[in-house]
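Notes for the one structure printed next.
The values are calculated or read from the model by the stated rules, or taken from the named source; none is laboratory data. Source: prediction; values computed, not measured. We place every Cβ from the backbone using ideal geometry, glycine too, and count neighbours over all the protein chains shown.
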Amino acid sequence: MASRYLEPRIERASRAELTRLQTRKLREQVRHAASASPFYRRKFRAAGVRPERIRTLADLRALPFTTKDELKDNQAAKPLWGDLLAVPFEDVLRVHMTSATTGRPLAVLDTAADWHGFYHSYARSLHAFGVRRADMVMAAFSYGPWIGYWSGFYAAQDLGCCVFPAGGLSTDQRLDALLTYPITVLGCTPSYALFLAEAAAKKGIDLARQTQVRITWHTGEPGASIPATKARIEAAFGARAYDLPGLTEIAAWGFECDARAGLTHVHEDYCYPEVLDEQDRPVGPGGRGELVFTSLYRKAMPLVRYRTRDLVQVADRKCPCGRTLLAFEGGVLARLDDMKKVRGIIVYPRRIEELVRPHADVDEFQIVFRRHEGLDDILVRIDPSPTLSSAEREKLGARLADDLRTGLGIRVTVEVGEPGTLPRFDHKARRVKDERTEVPF
Ligand SMILES: [Zn+2]
């Protein structure tokens with residue numbers, strides 16, 4: 001039987017072996033950042049740290065954090081790439097852009113070796129899902145500067161898979177390809193998987209029966225780590241769905257494995273993780289905190305103590321797969337930047353999705369944070385399945401309002417609209433609106 005690990009030497013290493021490897025790479029990275037990146041030279045000097053003093057993983061805590069805003073400011077002040085860049089520009093092979101809601105997106109540059117690291121660790125994740133050389137893979141992400149398409153494509157190719165290039169295809173063309181070619185693995189955002197399933201159903205296509213897809217993987221959004229969303233994708237495709245969290249600036253850093261135990265492993269040899277509480281102290285097993293990464297492989301943009309704004313929980317149990325890599329409980333639990341406060345209660349949109357998705361008759365939804373009659377209020381708009389009668393729609397609305405009130409600890413207004421009226425998403429979804437922060441004039 002083929003190994004369930006692509007690189008057992010790393011994936012099953014002892015803690016002592018991993019620490020040794022991480023320490024060696026960390027020293028090298030800190031030295032490189034301090035000598036080749038003016039941005040880090042300034043930061044280290046301002047913090048009063050001497051890079052040569054960083055000898056152990058614990059010493060890392062003496063170094064300052066890096067934030068995305070700092071990187072964007074650096075690129076804006078020193079166009080185009082900022083002086084974070086730690087290699088000559090002619091050594092840069094790839095440029096990717098992070099998605100931005102405001103301002104110019106952050107450009108992330110990679111050397112050939114950096115890029116190999118990004119897609120090779122990604123390939124390790126695909127292998128952990130069960131993807132093998134004989135598989136035919138479709139990466140249904142958009143063809144453009146977003147890293148999703150490229151990393152998925154290169155990772156599958158790295159495993160020796162035949163990759164069906166689908167970046168520039170329409171949804172109809174992708175459906176046709178899935179029906180025609182022996183595509184067994186599909187990668188896309190979770191929103192797009194549901195969009196594709198709905199588009200197929202409208203044409204009378206049963207993806208579970210009429211395609212050969214056996215594995216789907218999802219990135220760009222946390223949906224595949226939400227049990228009800230994952231179950232919906234798995235039912236639509238008759239396949240096993242896996243979550244692959246990642247960050248353009250760091251790596252496709254994590255993966256759920258084929259043991260399907262609800263744990264997300266971290267590629268610790270590529271990026272060193274810290275999980276910090278609100279006072280920036282490390283949390284122990286079972287603890288929750290913000291994930292902070294130090295890149296151990298990227299030379300063009302060697303990020304040190306990068307605040308991801310992702311909330312994770314360190315697992316206090318071992319995964320049955322036998323991997324010794326650090327694991328988190330249930331993927332990324334929340335984006336700290338998405339946190340909303342409503343009448344004193346903290347609400348994350350992901351939690352609302354966890355409560356909405358188990359209702360099979362909800363085709364799509366939208367969350368609106370608003371001021372209503374002088375009070376902060378949450379409105380959840382529902383697009384019901386077209387098969388429901390008006391009495392059933394009303395019952396669905398009432399059941400959902402109940403579940404949301406119990407699950408969030410706050411009353412929520414549920415509005416059931418006409419089927420097919422809410423927007424659908426073929427990339428990352430934008431289901432959340434906050435009218436309280438959007439000034440109408
Ligand atoms: Zn595992």
Which one of Glu290, Glu274, Glu278 is touching a residue at least 24 places away in the same chain (Cβ under 8 Å), away from the ligand (no atom under 16 Å from the Cβ) and touching a Gly at 6+ places or on another chain (Cβ under 9 Å)?
Glu274
With the condition kept exactly as written, say whether any residue in the range 95-107 is part of a strand (DSSP E or B), modelled with pLDDT of 95 or more, β-branched (Val, Ile, Thr) and buried (at least 17 other Cβ atoms within 10 Å of the Cβ).
no
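For every residue, the table says whether it meets (1) charged (D, E, K, R); (2) at pLDDT below 95.
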{"site": "Leu326", "(1), (2)": "no, no"}
{"site": "Asp337", "(1), (2)": "yes, yes"}
{"site": "Tyr348", "(1), (2)": "no, yes"}
{"site": "Phe369", "(1), (2)": "no, yes"}
{"site": "Asp377", "(1), (2)": "yes, yes"}
{"site": "Gly397", "(1), (2)": "no, no"}
{"site": "Thr406", "(1), (2)": "no, yes"}
{"site": "Arg424", "(1), (2)": "yes, yes"}
{"site": "Asp434", "(1), (2)": "yes, yes"}
Members of the range 293-334 found to be within 17 Å of Phe255 (Cα to Cα), of a type in the set (A, V, I, L, M, F, W, C) and away from the ligand (no atom under 16 Å from the Cβ), listed by number:
Phe293, Leu311, Val332, Leu333, Ala334
Among residues of the range 367-403 being crowded, with 16+ Cβ neighbours inside 10 Å and in contact (Cβ under 8 Å) with a residue 60 or more places away in the chain, the residue nearest to Lys230 (Cα to Cα) is Ile367
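Name the strands (runs of 3 or more DSSP E) wholly within the range 151-260 that hold at least 3 residues that are surrounded by fewer than 20 Cβ atoms within 10 Å (Cβ to Cβ), within 16 Å of the ligand (Cβ to nearest atom) and in contact (Cβ under 8 Å) with a residue 24 or more places away in the chain?
Working: elements: 162-164, 185-188, 215-218, 240-243, 254-256.
Per the criteria, no element qualifies.
Please give the strands (runs of 3 or more DSSP E) falling wholly within the range 266-366 in which 1 or more residues are crowded, with 20+ Cβ neighbours inside 10 Å.
On the way: elements: 271-276, 288-295, 306-313, 327-329, 340-342, 345-347.
Qualifying strands (runs of 3 or more DSSP E): 271-276, 288-295, 306-313, 327-329, 345-347.
Yes/no per residue for (1) touching a helix residue (DSSP H, G or I) at 6+ places or on another chain (Cβ under 6 Å); (2) at pLDDT below 95:
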position: Arg45; (1), (2): no, no
position: Val49; (1), (2): yes, yes
position: Glu52; (1), (2): no, yes
position: Pro64; (1), (2): yes, no
position: Asp83; (1), (2): yes, no
position: Asp110; (1), (2): no, no
position: Ala113; (1), (2): no, no
What are the residues in the range 158-215 that are closer than 27 Å to Pro423 by Cα and of a type in the set (Ser, Thr, Tyr), if any?
Ser170, Thr171, Thr189, Ser191, Tyr192, Thr211
Could you tell me whether the range 60-80 includes any residue that is charged (D, E, K, R), touching a residue at least 24 places away in the same chain (Cβ under 8 Å), farther than 30 Å from Thr184 by Cα and not in a helix (DSSP H, G or I)?
no
If we keep only residues of the range 1-42 that are in a helix (DSSP H, G or I), in contact (Cβ under 8 Å) with a residue 24 or more places away in the chain and basic (Lys, Arg), then the residue surrounded by the fewest Cβ atoms within 10 Å (Cβ to Cβ) is Arg15
